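K.L.:
Below you'll find the structure I mean.
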Amino acid sequence: MTSEVGEVVASIIVEGNDSFPSSKSSDETLSHPPLVKKFWMLFSECVYRDFSCVLKCAWHRIVYMMEPHKYRLNRDKIERVQEGSKKVAKIVLLAHGVGGYPSNFLSLAKTLYEAGIENVYTVDLNCVEDEIIPIKSLAARIQEVAQKYLDSGYEDVEVSIVGHSLGAITAAAYAYREVEHMDHVSISKVISLAGRLWYVRNPFFWFCEGLIPEIQKTYEKIKAHHWKSDLALYTIWGDRDGVVPKQSVHIQDDETKEYTVEGRGHLGVLFASDAQKKIAEWLMV
């Protein structure tokens with residue numbers, strides 16, 4: 001994760017922001033905890049609770065640096081499409097969360113590879129200029145990858161985005177809001193892992209206060225788009241996630257498009273084998 005997003009997170013932790021009203025609050029009396037307690041809360045939820053996953057993230061980062069194309073990730077050479085073949089390319093983009101790296105998805109990439117799902121790419125999310133969420137870097141990566149397939153003779157490109165935490169917020173904003181997409185490129189699926197897609201006030205409300213307007217704008221677009229079938233939203237949440245409440249993740253009244261992972265926290269959902277298999281299942285729909 002680059003310094004720009006880190007600086008946004010740091011400013012939220014240190015300063016907070018009471019200028020935005022909350023939408024649907026589970027406890028309106030919650031107040032900003034002291035700075036030391038904020039860091040302790042983050043450490044407890046994202047490091048101590050999922051410590052084995054933190055170790056996996058560190059190891060996978062080393063592996064990814066040595067083998068960025070492991071499990072056929074991020075392949076550069078695209079075979080030219082044959083005449084008479086299906087000319088729609090389906091690609092999968094993996095978007096990490098705050099403090100994360102593309103390598104966080106290495107375990108999921110293995111599951112997708114074993115399931116026969118191809119054309120899987122990662123993105124390194126960076127906030128550009130005055131961005132609150134890193135939509136521009138996501139858009140640039142989609143354009144870069146999609147262009148390779150269009151240049152190889154494909155007529156259309158369908159993109160599925162799997163996002164974790166901030167990556168899910170960014171993916172949903174890109175897919176549902178008024179973002180200019182490339183010609184012949186469409187977003188077909190958004191799979192959100194522990195993504196706060198609707199603002200519900202909880203003990204970690206201070207961690208996302210600067211994002212509230214962006215979250216709510218996207219939520220309204222999702223509601224307005226809900227009846228359409230050209231873009232599917234799927235959500236995954238760990239029942240030990242103290243950072244993002246369930247109501248913020250599972251925002252649809254459709255059990256076929258949501259999955260709750262038992263015994264996993266905010267980071268742990270990334271490494272849950274049942275969640276990874278569910279993602280593969282949804283991608284193949």
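The values are calculated or read from the model by the stated rules, or taken from the named source; none is laboratory data. The shown structure was predicted, so the numbers you read here are calculated from the model rather than taken from an experiment. Ideal geometry is used to build each Cβ from the backbone, glycine not excepted, and the neighbour counts take in all protein chains shown.
K.L.:
From the list 192, 188, which residue is under 15 Å from residue 163 (Cα atoms) and surrounded by fewer than 20 Cβ atoms within 10 Å (Cβ to Cβ)?
P.N.:
Result of the check over 192, 188: 188.
K.L.:
For residue 178, state whether it is within 28 Å of residue 148 (Cβ to Cβ) and either buried (at least 16 other Cβ atoms within 10 Å of the Cβ) or at pLDDT 95 or above (or both).
P.N.:
Considered against the rule, which asks whether it is within 28 Å of residue 148 (Cβ to Cβ) and either buried (at least 16 other Cβ atoms within 10 Å of the Cβ) or at pLDDT 95 or above (or both), residue 178 comes out as no.
K.L.:
Does the stretch 156-170 include one or more residues that are among the hydroxyl-bearing types (Ser, Thr, Tyr), on the phi < 0 side of the Ramachandran plot and touching a residue at least 60 places away in the same chain (Cβ under 8 Å)?
P.N.:
yes
K.L.:
Considering only the stretch 272-285, state which residues are of a type in the set (A, V, I, L, M, F, W, C), modelled with pLDDT of 95 or more and surrounded by fewer than 20 Cβ atoms within 10 Å (Cβ to Cβ).
P.N.:
280, 282, 283, 284 - these are the residues of the stretch 272-285 that are of a type in the set (A, V, I, L, M, F, W, C), modelled with pLDDT of 95 or more and surrounded by fewer than 20 Cβ atoms within 10 Å (Cβ to Cβ).
K.L.:
Within the stretch 171-194, take every residue that is of a type in the set (A, V, I, L, M, F, W, C) and in a helix (DSSP H, G or I) and give me the one that is farthest from residue 223 (Cα to Cα).
P.N.:
171
K.L.:
So, one more: Filter the stretch 205-235 down to residues that are outside any helix (DSSP H, G or I), closer than 21 Å to residue 158 by Cβ, among the hydrophobic types (A, V, I, L, M, F, W, C) and under 18 Å from the mean Cα position of the chain (by Cα), then give me how many there are. Show your work before the answer.
P.N.:
Start the filter on the stretch 205-235 by keeping residues that are outside any helix (DSSP H, G or I), which leaves 208, 226-235.
Those left that are additionally closer than 21 Å to residue 158 by Cβ: 226-235.
Checking the rest, the ones that are also among the hydrophobic types (A, V, I, L, M, F, W, C) come to 227, 231-233.
Okay, now just the ones that are also under 18 Å from the mean Cα position of the chain (by Cα), so 231-233.
Counting residues in the stretch 205-235 that are outside any helix (DSSP H, G or I), closer than 21 Å to residue 158 by Cβ, among the hydrophobic types (A, V, I, L, M, F, W, C) and under 18 Å from the mean Cα position of the chain (by Cα) gives 3.
K.L.:
Let me ask something else. Given the criterion modelled with pLDDT of 95 or more and of a type outside the set (Gly, Ala, Ser), identify the matching residue among 120, 128, 98.
P.N.:
120
K.L.:
Could I ask something else about it? Within the stretch 143-170, track down each residue that is of a type in the set (Gly, Ala, Ser) and assigned to a loop (DSSP other than H, G, I, E, B).
P.N.:
Listed by number, the residues that qualify are 152, 153, 165.
K.L.:
What pairs come up if the first residue lies in the stretch 257-285 and is closer than 23 Å to residue 222 by Cβ and touching a residue at least 60 places away in the same chain (Cβ under 8 Å), the second is part of a helix (DSSP H, G or I) and of a type in the set (Asp, Glu), and their beta carbons are under 9 Å apart, counting only those six or more places apart or on different chains?
P.N.:
Close Cβ pairs (under 9 Å, with a partner that is part of a helix (DSSP H, G or I) and of a type in the set (Asp, Glu)) amount to 266/45.
K.L.:
Right, next: For the stretch 92-142, give me the residue count where each residue is crowded, with 17+ Cβ neighbours inside 10 Å, of a type in the set (Gly, Ala, Ser) and part of a loop (DSSP other than H, G, I, E, B).
P.N.:
2
K.L.:
Scan the stretch 230-252 and report the pairs whose first residue is within 17 Å of residue 267 (Cβ to Cβ) and whose second residue is assigned to a loop (DSSP other than H, G, I, E, B) and aromatic (Phe, Trp, Tyr), with Cβ atoms within less than 8 Å and a gap of 6+ or a chain change.
P.N.:
From residues that are within 17 Å of residue 267 (Cβ to Cβ), the pairs are 242/204; 243/204; 244/204; 248/198; 248/199.
K.L.:
Among what's in the stretch 239-265 and is among the charged types (D, E, K, R) and surrounded by 22 or more Cβ atoms within 10 Å (Cβ to Cβ), pick the residue that is farthest from residue 51 (Cα to Cα).
P.N.:
Selected residue: 241.
K.L.:
Another question about this same structure. Could you check, for the stretch 10-26, whether at least one of its residues is modelled with pLDDT of 90 or more, within 27 Å of residue 211 (Cβ to Cβ) and loosely packed, with under 15 Cβ neighbours inside 10 Å? Before the answer, list the steps.
P.N.:
So the first thing to find is which residues in the stretch 10-26 are modelled with pLDDT of 90 or more, and the list is none.
No, because not a single residue in the stretch 10-26 is modelled with pLDDT of 90 or more, within 27 Å of residue 211 (Cβ to Cβ) and loosely packed, with under 15 Cβ neighbours inside 10 Å.
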